[in-house]
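Written below as structure tokens is the structure these notes are about.
The values are calculated or read from the model by the stated rules, or taken from the named source; none is laboratory data. As the structure is a prediction and not an experimental result, all values here were calculated from the model. Cβ placement follows ideal geometry from the backbone for every residue including glycine, while neighbour counts extend to all protein chains displayed. Areas reflect the complete protein model, heavy atoms only, side chains present, ligands, DNA and RNA absent. Shrake-Rupley method; radii C 1.70, N 1.55, O 1.52, S 1.80 Å.
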Amino acid sequence: MTNKKLDRPSFESVYMKFAEEISKRSSCKRLKVGTVITTTDFRKVLAVGYNGNAAGLANGCDRDEVGNCGCLHSEENAAINCDSPRYVEKYVFVTHLPCSACAKRLINIGNVKKVFFLEDYRKRDSLAMLATTGIETFKIEDGAAIEVQEWLANNLKIVPKLIKKEKVNK
């Protein structure tokens with residue numbers, strides 16, 4: 001028997017691919033998003049979710065308005081499907097950075113330790129919420145998990161603010 005090192009994908013990569021696969025079930029016209037919630041030892045999948053309409057309703061968006069199409073978000077569906085007790089530590093894999101409402105839902109399922117995301121989202125206010133509650137956030141790039149603070153430092157374009165001077169009435 002040889003001690004040949006196996007070329008195996010990381011658990012982070014496996015579950016992110018699972019999130020990408022489950023996102024294909026989405027019925028949203030604008031954005032396909034998938035979420036997988038696992039235990040922190042990666043041994044169990046606790047819940048999955050994808051964005052779309054409520055069960056029993058028409059598959060599709062209620063409206064064409066960006067950010068208000070009427071679809072349930074993937075994180076929301078995963079949180080609804082997660083019947084794991086609050087004391088169980090969890091990791092969340094989502095194809096896109098969660099919005100602030102979904103960050104709150106993930107916080108409320110209890111004991112989420114890390115959130116991994118693949119694609120950026122148009123708003124990043126969820127990052128502060130997750131950090132405030134002690135949830136570490138990681139961006140997956142080229143199969144590697146990068147801590148979000150490092151990723152932001154390398155990807156933010158600093159735009160100088162224009163300071164408007166106002167006349168002071170004396």
(message) Let me check against my output: what whole-number percent is the relative contact order of the chain, with C-alpha pairs under 8 Å and at least 6 apart?
(response) 17 percent
(message) Can you compute the charge dipole magnitude of region 1-40 about its Cα centre, using +1 on each Lys and Arg Cβ and -1 on each Asp and Glu Cβ, nothing else charged? Give it in debye, rounded to the nearest 20.
(response) 200 debye
(request) Based on a Kirkwood Rh over C-alpha pairs, give the Stokes-Einstein translational diffusion coefficient of region 1-66 at 20 °C and viscosity 1.002 mPa s in µm²/s. (result) 152 µm²/s
(request) Take the Cα of N108, step 7 Å along the line toward its Cβ, and report every residue of region 45-86 whose backbone nitrogen sits under 17 Å from that point. (result) 72-86
(message) Rolling a 1.4 angstrom probe over the protein chains, ignoring ligands and nucleic acids, what is the accessible area of T133 in square angstrom, nearest 10?
(response) 70 Å²
(request) Sorted from largest down, give the three principal axis spans of the alpha carbons of the chain, whole angstrom values. (result) 86, 48, 31
(message) Helix-only estimate, please: 222 nm mean residue ellipticity of the chain, summing -39500 (n - 2.57) across DSSP H runs of length 4 or more and dividing by its residues, to the nearest 500.
(response) -7500 deg cm²/dmol
(message) Going through the cross-link list K24/K139; K24/K104; K4/K24; K4/K44; K44/K123; K4/K90, which pairs have a Cα-Cα distance over 26 Å in this structure?
(response) K4/K24; K4/K44; K44/K123; K4/K90
(request) Using a 10 Å Cβ count of at most 15 others and DSSP loop calls, identify the longest part of the chain lacking such chymotrypsin sites (Phe, Trp or Tyr not before Pro). (result) 88-170
(request) Just the ratio, please: alpha-carbon radius of gyration of region 97-149 over 2.2 N^0.38 Å, N its number of residues. (result) 1.05
(request) Using DSSP to define loop residues, name the trypsin sites (Lys or Arg not before Pro) in region 13-61 whose beta-carbon has at most 15 other beta-carbon atoms within 10 Å. (result) K24, R25, K29, R30, R43, K44
(request) Choose one of S27, I37, A55: the residue whose Cα lies farthest towards the positive end of the charge dipole of region 1-63 (beta-carbon charges +1 Lys, Arg; -1 Asp, Glu; about the Cα centre). (result) S27
(request) At 0.36 nm per residue, minus the direct Cα-Cα distance, what do N81 and E119 gain on full extension? Give it in nm, one decimal, please. (result) 11.4 nm
(request) Place a +1 charge on the Cβ of each Lys and Arg in region 14-143 and a -1 charge on the Cβ of each Asp and Glu, then give the dipole magnitude about the Cα centre in debye, rounded to the nearest 20. (result) 120 debye
